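First the structure, in the form of structure tokens, and then the observations on it.
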Amino acid sequence: MSAALLIVDMQEMLVPLVWRGEELADRIAALAREARRHGAPVIALRQIGPSGTEFDPEQPGTRISARIGLEPTDLVVPKTATDAFYRTDLAALLAERDVDTVVLTGLATDYCVDATARSALSHGLDVVLVRDGHSPAADGDPAAGLTAEQVVARHNRLLGTAVHPGGTLRLVAAADVAFGR
């Protein structure tokens, strides 16, 4: 297995708005240190949008949270859709590094993490979804009557049991993620 850590949208303006955001950022920072220790690429995805919008890339809140502790060797890939592969060079970056497995973390469980997990599978990659490494909005999904904790549990269950002809998806706790080759 040649793995890369994918960190989805852990941006300054979003971390305070999600369920246990600072705790999640610290957990992901530890995963990033472990990935680097084993020579695995660390790739942070950054949601951007048009000038003048909340995701205007010139706005300071759109930067990756300092809590993640990105290093100069880490890659930051801007994206404009929930699917991190859509019109980005993510697939090419992974292929160049012979990555066949992505360790997936970040925001938000029910949007970009879900879409990126499914797309990674469609790209033939195996996915290790860090079961305690993603988070939805702090209030969960009130329209569906789900707390944040229930949103995480639901998506872990749905993604963990999905059948897909591309890669495979495994759920792994952050403490049990192994980047060793």
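As a summary of the residue check, residue 164 satisfies the conditions (1) open to solvent by 50 Å² or more (accessible area, probe 1.4 Å); (2) at pLDDT 95 or above except for the one numbered (2). Among the residues of segment 92-118, just one is among the hydroxyl-bearing types (Ser, Thr, Tyr) and open to solvent by 10 Å² or more (accessible area, probe 1.4 Å), namely 111. Please pick out the residue among 47, 59 that is buried (at least 16 other Cβ atoms within 10 Å of the Cβ) and modelled with pLDDT under 95. Testing whether each residue is buried (at least 16 other Cβ atoms within 10 Å of the Cβ) and modelled with pLDDT under 95 leaves just 59. You will find that of 163, 113, 127, the residue that is in contact (Cβ under 8 Å) with a residue 60 or more places away in the chain and of a type outside the set (Gly, Ala, Ser) is 113 and no other. If you check residue 7 against the conditions, is it under 13 Å from the mean Cα position of the chain (by Cα), open to solvent by 20 Å² or more (accessible area, probe 1.4 Å), modelled with pLDDT of 95 or more and β-branched (Val, Ile, Thr)? No. Applying the condition of being over 27 Å from residue 95 (Cβ atoms), in a helix (DSSP H, G or I) and not small (Gly, Ala, Ser) to segment 19-35 and asking which residue is least open to solvent (accessible area, probe 1.4 Å) yields 24.
Condition test on residue 141, is it crowded, with 17+ Cβ neighbours inside 10 Å and of a type in the set (D, E, K, R)? The answer is no for residue 141. Report whether or not residue 164 is in contact with a helix residue (DSSP H, G or I) (Cβ under 7 Å, 6 or more places away or on another chain) and either among the hydroxyl-bearing types (Ser, Thr, Tyr) or in a loop (DSSP other than H, G, I, E, B) (or both). Yes. Looking at segment 148-157, can you tell me whether even one residue there is open to solvent by 70 Å² or more (accessible area, probe 1.4 Å), at pLDDT 95 or above and not in a helix (DSSP H, G or I)? Taking every residue of segment 148-157 in turn, none turns out to be open to solvent by 70 Å² or more (accessible area, probe 1.4 Å), at pLDDT 95 or above and not in a helix (DSSP H, G or I).
Within segment 78-91, being open to solvent by 10 Å² or more (accessible area, probe 1.4 Å) and either among the small types (Gly, Ala, Ser) or modelled with pLDDT under 95 (or both) holds for 81, 91.
The values are calculated or read from the model by the stated rules, or taken from the named source; none is laboratory data. Predicted model, so just to flag it, every value in this text is computed and none were measured. Reconstructed Cβ throughout: ideal geometry from the backbone, glycine too, with neighbour counts over all protein chains shown. The protein model used for the area step is the full one, side chains on, heavy atoms only, and it has no ligands, DNA or RNA in it. Shrake-Rupley method; radii C 1.70, N 1.55, O 1.52, S 1.80 Å.
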